[in-house]
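Here's the structure, in structure tokens; my notes come after.
The values are calculated or read from the model by the stated rules, or taken from the named source; none is laboratory data. All values reported here derive from a predicted model rather than from experimental measurement. Glycine gets a Cβ as well: all are built from the backbone with ideal geometry, and neighbour counts include every protein chain shown.
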Amino acid sequence: MADTCPRCGLPLELCVCKVLDRETESKIKVFQKKAKFDKYMTVIEGVSQDEIERTAKELKRALACGGTVRDGTIELQGEHKGDVKKVLAKLGFKESNVDIA
């Protein structure tokens, strides 16, 4: 017998809880700040804690840059403010929830 999701009761292969959580989550804020030696860093706030590592990994891969997860935010090396919204939309986040400052 297949395992079932405790939230929705569907088999784990058909569970849609994570997709629904992404669509209903709070605003994601994207902004830039200046780091050492006049370099820029793109910061993403508002991604849930259970998906932050995977999201950071996919953003770094798609934007071909380095970065880290620090204090509940994703920090990417370089100026990627314009491209982050497109990549987050491909990852399943709603574009209307992404706010670029």
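Say we look at the stretch 47-64 and pick out the residues that are in a loop (DSSP other than H, G, I, E, B) and touching a helix residue (DSSP H, G or I) at 6+ places or on another chain (Cβ under 8 Å); which of these is farthest from A101 (Cα to Cα)?
E51
Looking at (1) under 30 Å from P6 (Cα atoms); (2) hydrophobic (A, V, I, L, M, F, W, C); (3) part of a strand (DSSP E or B), which is the only condition L20 fails?
In the conditions (1) under 30 Å from P6 (Cα atoms); (2) hydrophobic (A, V, I, L, M, F, W, C); (3) part of a strand (DSSP E or B), L20 misses (3) alone.
For the stretch 21-36, name all the residues that are over 21 Å from T55 (Cβ atoms) and at pLDDT 90 or above.
Once the filter is applied, which keeps residues that are over 21 Å from T55 (Cβ atoms) and at pLDDT 90 or above, the stretch 21-36 yields only K34.
Considering the stretch 65-101 alone, what residues qualify as being assigned to a strand (DSSP E or B) and of a type in the set (A, V, I, L, M, F, W, C)?
Within the stretch 65-101, V69, I74, L76, V98, I100 meet the criteria.
Against the conditions (1) farther than 19 Å from S26 by Cβ; (2) modelled with pLDDT under 95; (3) surrounded by fewer than 17 Cβ atoms within 10 Å (Cβ to Cβ); (4) of a type outside the set (G, A, S), where does I52 fall short? Just the number, please.
Failed condition: (1).
I want to confirm something. Restricting to the stretch 59-101 and keeping residues that are free of Cβ contacts under 8 Å to residues at least 24 places away in the same chain and charged (D, E, K, R), which single residue is farthest from G46 (Cα to Cα)?
My answer is R61.
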